[in-house]
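The values are calculated or read from the model by the stated rules, or taken from the named source; none is laboratory data. Note that the coordinates shown come from a computational prediction; the quantities given were computed from them, not determined experimentally. Cβ placement follows ideal geometry from the backbone for every residue including glycine, while neighbour counts extend to all protein chains displayed. Calculation scope for accessible area: heavy atoms of the full protein, side chains included, ligands and nucleic acids excluded. Shrake-Rupley method; radii C 1.70, N 1.55, O 1.52, S 1.80 Å.
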Amino acid sequence: MITETFPFADLALARRLERTEATANVRAVELRARVAPDVGATWTEVAGTYATFDGPQSPITQTFGLGMFRTPSAEDLAALEAFFTERGAAVDHEVSPLADPSTFTLLNERRYQPFEFTSVMYMPLACPPKLASDAGERRWTGQVGREGQVGQVRHGGHGGHRGVTVRRAVIEDADLYARTSAEGWRESGFADFMYTLQRANVESQAIDVFLAELDGRAIGTAALVIQDGVAFLAGASTIPDGRNKGAQNALLDHRLRFAAEHGCDIAMMGAAPGSGSQRNAERNGFRIAYTRIKWRQR
């Protein structure tokens with residue numbers, strides 16, 4: 001169950017959360033560099049800030065952790081800016097409000113402006129949790145191993161819909177997982193990008209990825225990155241005609257249980273402020289740690 005005491009949303013927690021998400025992006029970039037070398041994917045660290053490049057249009061081409069681990073100087077910002085501009089990409093920094101205050105002064109001086117907000121959410125873990133969405137029948141049939149060969153969730157889902165099952169994707173699922181994920185992202189224009197990345201994720205087994213199935217058909221996907229006891233939940237996707245059937249609640253439940261059983265004490269995720277994803281996360285025990293702002297140089 002969820003522990004009763006939430007850690008304070010302070011600098012120490014923010015550093016753990018920011019480093020975990022940054023590390024997840026670094027893993028994605030390193031994987032992309034192996035499977036699609038023509039993209040030129042790479043990353044660097046400047047003043048404790050991770051800068052990742054995965055192509056000019058990629059949603060993970062940006063920095064994480066600016067001002068969180070060291071006070072950045074004008075020279076540091078110039079180095080980060082050069083990293084992106086030399087590769088034809090916009091210069092984006094996603095910055096926690098717990099960053100050193102001088103960071104924001106420096107961003108203003110260098111003509112940055114905010115353009116995107118993310119609710120960074122967290123929840124302490126002690127043992128496999130019971131979600132608030134458990135109105136229907138759910139049966140936990142065993143421990144989930146890292147190989148994904150044992151254990152399954154049968155979930156009631158939204159509206160009492162029964163029959164959604166979740167399992168960890170294995171190498172043989174690479175094409176199925178990638179196609180399912182891509183269909184869920186098609187409306188936002190990232191289908192081709194997600195197909196390549198997700199196929200590589202499954203084939204490499206570098207992170208934990210999960211499939212939600214209904215009546216034997218794959219309808220949803222989601223990923224989990226574990227870093228220093230923090231479970232980062234990302235990559236949630238549901239095909240259009242599989243939505244509102246409980247897939248994402250089942251995937252959330254399964255990943256939280258998996259994370260707790262693999263030693264994580266904190267789960268985290270990001271969501272657009274006020275979105276359905278944020279509401280669903282709050283219903284299921286998450287709290288907002290802080291709202292992160294993405295800045296772009298004018």
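Check off (1) within 22 Å of residue 17 (Cα to Cα); (2) modelled with pLDDT under 95; (3) open to solvent by 30 Å² or more (accessible area, probe 1.4 Å); (4) among the acidic types (Asp, Glu) for residue 265 and give me the number that stays unchecked.
Here residue 265 clears every test but (2).
If I go through region 82-131 residue by residue, how many of them are assigned to a strand (DSSP E or B) and open to solvent by 30 Å² or more (accessible area, probe 1.4 Å)?
Number satisfying all stated conditions: 5.
Keeping to region 80-94, report how many residues are within 24 Å of the chain's Cα centre (by Cα) and farther than 14 Å from residue 46 by Cβ.
Total satisfying the criteria: 4.
For residue 35, state whether it is hydrophobic (A, V, I, L, M, F, W, C) and over 23 Å from residue 259 (Cβ atoms).
yes
For region 1-72, which strands (runs of 3 or more DSSP E) that fit wholly inside it have 2 or more residues that are open to solvent by less than 10 Å² (accessible area, probe 1.4 Å) and either of a type in the set (S, T, N, Q) or in contact (Cβ under 8 Å) with a residue 60 or more places away in the chain (or both)?
Those strands (runs of 3 or more DSSP E) span 49-53, 62-64.
Could you pull out every one of the strands (runs of 3 or more DSSP E) wholly within region 192-248 that has 1 or more residues that are touching a strand residue (DSSP E or B) at 6+ places or on another chain (Cβ under 8 Å), open to solvent by 30 Å² or more (accessible area, probe 1.4 Å) and within 28 Å of residue 57 (Cβ to Cβ)?
230-238
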